[in-house]
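Below is one structure; the comments refer to it alone.
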Amino acid sequence: MKQPASIAFALTVLVLLTYFAGRGMAPFGSNSILTVDLGQQYIDYFAFFKRTILHDPSALTYSFSAGIGQNMVGEWAYYLLSPLNWLLLAATPLTLPVWLLFLTVLKFGLAALSMVLLLNHSGWVKGYWSLPFALSYALSGWFVANTANLLWLDAAAFLPILILAMEHFLHTGKQLALGASLTSTILLNYYMAWMIALFLLCYLFFRLLASGQQNRWQRFFAFVKTASAAILLTAWLWLPTLFQLRQSKSSQASPWSLAFVQNPFGLLWKLVPGTFNFDQMQAGQANWLVAPLVLILAGSYFTNRHFALREKIVAGATLLVFVLASSWQPLLLLFHGFQEPIWYPARFSFLLSFFLILLAARSWQQGWQPSLLATISWSILPALLALAAVFYPKRPDYLTAGRLTLFVVLFLLTAWAARLIQEDSLRLAVLFLLSLVYLLANLSLSLNQLSYLSLQRYQAGASRLLAVKKALPSTEQGFYRLGQGLTRDQNDALLVGFHGENHFSSLNSRQSARFFQQYGQTGTSTNLVTSFDSKPWDALLSNRYYLAATSSLPAAARYMAVAQRPDYQGSPTVASGAGWQLKENQDALPFLYAASDEALNQAASSSYPLTNQVQLLKALNPSVDSPWLTEEKLTVQSSQGLQLFGSSIKNAVIRKKQAEQSAQLRLTFTPNSNDSYYLNLGPAFKSAGVTIKVNGQAVSLPDSRDNAVALNLAANQKGQNQTISFDFPKGTSSYYLDNVSLLSLNQAAFSKAVQHLQQSGAQYRFLSNTRIQAQVRTSKDQPLIMTGIPADPGWQVRLDGHRVKAQTVAHTFLAIKTQPGRHQLSLTYRPPFLRTGWLITGFTMLWLLGRTYQGNRSARLRRR
C-alpha cells in the first residue's frame, strides 16, 4: 500500500510540475502561477500570514492593513488556516509565486495520496489498481478548475481521510478518528466543511442502508454526537466568524426562486476534456470531469446484482442531489451557505466526482470486465453526446471538434480495452495510461485557456511597494494611513504591511462598504477601492502620505498607476524611487483627536460625495464659517455626433445622432484660483465605456459604479484654460448627466479647519492593532474624541479607567463623548463571541476528557 500511495503522490506532482514548467512558470521560466484571485488577493494574504506569525501577532484578531480596519478572525478562518501555509514562512514577498507553485503541486499530490489510502484501507481497490482512481480524483475537473483557489484544496484533499475515518466508525463504532477528522475539516476551511457536512449526511444514509446492519439508528445517533462534539470543539473559530459573516455580504439574502440557473443536461458536456475556460470560471457548469474508467465502473455499479436495490436507490438519489445542486437554485444556495457564489459556480462539485469514484471503487472486482452490452453502450453514448453538441444551436464555444473527437476516442478505447484485454497487469497498464492521457488532456486544454501574470509584472509591483514600505516613517509614535495612486492590487497593505484603505475580501463589512459609497469611493461586498481620493477624504482618513506615480514608471509597472491627483503636485516629497514618489499630506488629521460633537448628527447625501466629506469636516470643526465648496461654470466648447438637451451641463440629457457611432462632448473652464477643482458625477450617469480626458489625459474610471464620485481635475492652475472631453462609445444612444458639475475647494478654509483639529491630537502611550492607550484633551467646543477606527462591537472603550459606551460618526467611525478636560483613553479589541467560543470549546474538551476517563475506569474495573 505504501508503494502505490508514494507512486500516486509522485506521479501527480510530476504531472503538475511538468505542465507548469512547460508554461514557463517560475522557477522554470519568466511566467508565474498567479492568475485571477491567486494573483489579486490570496498572495497578499500569504505575505500577511508570515508577517503576523513572525512579527505582529496582534493582527491575528484585528488589522488596520485590511481596508480601514477589520476583524480578522473570519479572514484567518477562510483564507489562512491550512497547516501547509507554515511552509511559506521561508518565502519573501518577491519569491512567493515560486513557493505558491510548489504549494499547489503539494496539495494535488496529497489528494492523490489520501485517495490511495482510502481505497486500500477500505478494501475496495487494492494495490496498483488504486492508481487510476486516485489520479482521477486529484486531476479531476474540479481540482484543475480550482488550481488558483489554494484555500479550498486542503479540505478536498483531506476528504478521503475523513471518509476513511467514517468507514472505521461504521465498522467498529469507535468515534475518535471520525471526531478528529471532522474537527480538522472545519479548521481547514469552514466554507468547504459546510459542503462536506451535507455530503456526509448523504453518505451516512447511503452506507447505513448498504451495510444491512441492525444497529443503524445507534450508528446514526453516535454520528450525530460525534459531529456535534466536533462542532463544539471548533466553536472558538466558527462562532466569531459567523458573527463577522453577519456583518458582511452574508447578511444579504441571495435571490430565492425555484428556477434552474443552468441546464442540468449541460453537465454531460463537462466530461469533454478542456471545457474549463475564463467564461466558465465566471458563470458556467459544474466541473466534475473524471476518467472514462471511473464512469464505466460507476455505471456497472447500478447493474451489479451484488448490491441491494435499496443501496442503488440511495446512491442514485445522492447523485441526483448533486446534479440538481449544480443547476437548481434552492439546492445551489444550500450547498453554498445560502449565498450565491460570485465566480467559480458549483464549488462543491468535487463531491460529485468523489462519490462517482467511490461507486466505481465499490463496483471494482479483480478480473472485472464490462459486459458486451455495456461496452457497446459506452462506445455509443459518448458519440451520441458529441453529435448532440455538433447539432446543438447554442453549442458552447469550448466544445470544439478536436475536443469532442478526443472525448469519443478515449471513451471508446477505454471501454474496449476493459473488455478485450485479459492479462491483468497489461490491462492495468493500458487502462491507467488511457486514464492518464484523458486527465492530462483536460489539464492542459483547460489551463492553456487561462492567462497568467508574468513574474516580472508581479515583482515590478511588489518591489516598489517594499521600497515604499521601507521609506515610510514608523507608526510607533503616531498612527497614519497611506493613500495610493500607485497600486499592484487592492491588498497591497497586506502584502508589505502598511495601513491603507483598499481591501479585497469575502468578509468586508457592510458598514465600510456603505461609507465608501457615500463618500465617493468604490465599496461593494468584496471590494473597498479608493480611486477618487480628495484632500478632504485624505484628511478624514488620516492619510499622512500619498504614493504617486511619476513619468519614469517602467513599462512593466505602468499598470500600477490608477489615479490622478493634481492636488499633490506642490506637496513635499519625502521619498522617491523608480517611477514613484511619496508625498506628504500636511492636512492629514490625527488618528485620535478632540472634535465637535455636531459630527454625531451629520447625514450624507447620495449625489455629492465631496460635499459629504466637507460637511463632515465642518461638523467636526464648525468654527470656520467660510464657504468651502463653490460650484463653478462649465462651458461647452464643442460637440460631435450628439445633441444636448438642458439649460446647462448639470442634469442634461445627451442623445447621440446615431447610436451605432461614437460621439464626443468637450467642455472648458478656467480656474480663478489655485484651489483644487473636482468634477462630480452622479450615480445615474452611467460612465461604463465612457472615456473622460482632462487636457488630453485619460482619467481612470471603474468599469461600473452605483454611487456618485468626484474626479480631481486640476490644482494650482489659476488662469489656465482646462479642457474636459467625454468620449461616448458606440451602442448606447443616450446619457443622463446626473449632477455632472464642477466644484472648487476653498483650500484656505479647509486648511484652517484641519490645522485647528490637528492641535487637539492625542498623545500615544501604546499603539497596536488591538490595543491603543492615549491621552486626549477635550474642551467645551470639542467634547468628542474622534477616531479613525471603524466602529465594531469588539472595541472596548475605557475613559479614565471607566468602561464607557462608544458613539458612531458617519455611521462608521468610533467616537467617545466626554466632559471637557484631560482624559486617559484605552481602546482594546476583542473579537465578538471569541471568548464565548473558547468557553464552549473548553467545556466540550473537559466533557470529552471526563467521558474518556470514565470509560477507561469502567474498562479497568470490568477486567478485575
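With contributions of -39500 (n - 2.57) from each DSSP H run of at least four residues, the per-residue ellipticity at 222 nm computed over the chain stands at -14000 deg cm²/dmol.
When the alpha carbon gyration tensor of region 441-487 is reduced to an equivalent ellipsoid, its three semi-axes come out at 38, 11, 9 angstrom, largest first.
Averaging the Cα positions of each part gives two centres, and for region 503-544 and region 1-57 these lie 32 Å apart. Rounded to the nearest 10 degrees, the angle from helix 834-863 to the longest Cα principal axis of the chain is 20 degrees. At q = 0.14, 0.15, 0.16 Å⁻¹, what log₁₀ I(q)/I(0) does region 380-518 have when each alpha carbon counts as one equal point scatterer in the Debye sum? After summing over all Cα pairs, the log10 values are -0.81, -0.86, -0.92. Each principal axis of the Cα atoms in region 364-440 has its own extent, and those three values, largest first, are 44, 28, 16 angstrom. Taking the C-alpha atoms only, the angle from helix 455-471 to the longest principal axis of the chain is near 50 degrees.
In sequence order, region 90-104 has phi-based couplings of 8, 8, 10, x, 7, 9, 3, x, 5, 5, 5, 4, 5, 5, 4 Hz under the Karplus curve 6.51 cos²θ - 1.76 cosθ + 1.60, θ = phi - 60°, and Gly or Pro positions carry x.
Sorted largest first, the principal axis extents computed over the alpha-carbon atoms of region 192-349 equal 51, 42, 27 Å.
Keeping the other protein chains in place, figure out the carbon and sulfur percent of the accessible area of region 502-658, with a 1.4 Å probe. All intermediate terms of the calculation are to be shown ahead of the outcome.
Working: 2610 of 6060 Å².
Answer for region 502-658 is 43 percent, counting heavy atoms of protein chains only.
Once Rh is set to the Kirkwood radius over Cα pairs, what Stokes-Einstein translational diffusion coefficient, in µm²/s, holds for region 476-538 at a temperature of 20 °C and a viscosity of 1.002 mPa s? Reported coefficient: 175 µm²/s.
Looking at region 621-715, the trypsin sites (Lys or Arg not before Pro) that sit in a DSSP loop and have at most 16 other Cβ atoms within 10 Å of their own Cβ are 633, 650, 657, 686.
Neighbours of residue 149, meaning other residues whose beta-carbon lies under 13 angstrom from its beta-carbon, give a summed charge of 0 when Lys and Arg score +1 and Asp and Glu score -1. Farthest toward the positive end of the dipole of the chain, out of 168, 490, 101, is the Cα of 168, where the dipole comes from beta carbon charges about the Cα centre.
Expressed in nm to one decimal, what extension gain is obtained for the pair residue 824 and residue 121 from 0.36 nm per residue of sequence separation less their Cα-Cα distance?
Values: separation 703, 0.36 × 703 = 253.08 nm, distance 6.37 nm.
Full-extension gain reported as 246.7 nm.
Checked against a 31 Å cut-off, the cross-linked pairs 535/656; 633/817; 657/693; 470/718; 107/174 give Cα-Cα distances beyond that limit for 535/656; 633/817; 470/718.
What is the Å³ per residue value for the convex hull set by the Cα atoms of region 97-197? Please list the in-between numbers first.
Working: hull volume 10.0 nm³, N = 101.
Per-residue hull volume (Cα only) is 99 Å³.
With viscosity set to 1.567 mPa s and temperature to 4 °C, compute the Stokes-Einstein D of region 251-327, Rh being the Kirkwood radius across alpha carbon pairs; µm²/s, no decimals. So the translational diffusion coefficient is about 87 µm²/s. Computed over region 536-654, the percent of Cα pairs more than 26 Å apart is 47. Annotation for region 323-421: trypsin sites (Lys or Arg not before Pro) lying in DSSP loop with at most 14 further Cβ atoms inside 10 Å of their Cβ are 394. Each Lys and Arg adds +1 at its Cβ and each Asp and Glu adds -1 at its Cβ; summed about the Cα centre, the chain shows a dipole of about 2180 debye. Remark on residue 661: its backbone amide H falls under 5 Å from those of 731, a criterion applied only to residues 5 or more positions apart or on other chains, H modelled at 1.01 Å from N. Eigen-decomposition of the gyration tensor built on the alpha-carbon atoms of region 596-719 gives equivalent ellipsoid semi-axes of 31, 18, 13 angstrom, largest listed first. In the context of the full set of protein chains, the chain has a per residue accessible area of 40 Å² (1.4 Å probe). Backbone phi angles across region 756-768, fed through the Karplus curve with coefficients 6.51, -1.76 and 1.60 (θ = phi - 60°), yield HN-Hα couplings of 5, 5, 4, 5, 9, x, 6, 9, 8, 10, 7, 8, 8 Hz in residue order; Gly and Pro are listed as x. Restriction of the GluC sites (Glu not before Pro) in region 596-663 to DSSP coil positions whose beta-carbon has at most 16 other beta-carbons within 10 angstrom yields 660.
Positive-end ranking of 200, 826, 379 along the dipole of the chain, with charges on Cβ about the Cα centre, is headed by 200.
The orientation-averaged projected area of the convex hull spanned by the Cα atoms of the chain comes to 41.5 nm².
On a 0 to 90° scale, report how tilted helix 150-172 is relative to the longest principal axis of the chain, with both axes built from alpha carbons and the result rounded to the nearest 10. Here the helix axis deviates by roughly 40 degrees.
What number, in nm² with one decimal, is the all-direction average of the projected area of the convex hull of the alpha-carbon atoms of region 301-388? Each step should come with its number before you reach the end.
Working: hull surface 31.0 nm².
One quarter of the hull surface, i.e. the mean projection, equals 7.8 nm².
Please report the base-10 log of the normalised intensity I(q)/I(0) for region 193-286, using a Debye sum with one equal scatterer per alpha carbon and no solvent, at each q in 0.12, 0.14, 0.16, 0.26 (1/Å). Cα-only, vacuum Debye calculation for region 193-286: -0.76, -0.94, -1.04, -1.25. Binning all Cα-Cα separations of region 778-864 at 10 Å, short to long from zero, yields these whole-percent fractions: 15, 29, 17, 12, 11, 9, 6, 2, 0.
Got the relative contact order for the chain handy, in percent, Cα pairs under 8 Å and 6 or more residues apart?
Values: 1658 pairs, mean separation 114.9, N = 864.
In percent, rounded to a whole number, it is 13.
The values are calculated or read from the model by the stated rules, or taken from the named source; none is laboratory data. This one's a predicted model, so the numbers in the text were calculated from it and none came from an experiment. Methodologically, a virtual Cβ is constructed for each residue, glycine included, from the backbone with ideal geometry; neighbour enumeration extends over all protein chains shown. Keep in mind that these areas ignore ligands, DNA and RNA; they rest on the heavy atoms of the full protein, side chains included. Shrake-Rupley method; radii C 1.70, N 1.55, O 1.52, S 1.80 Å.
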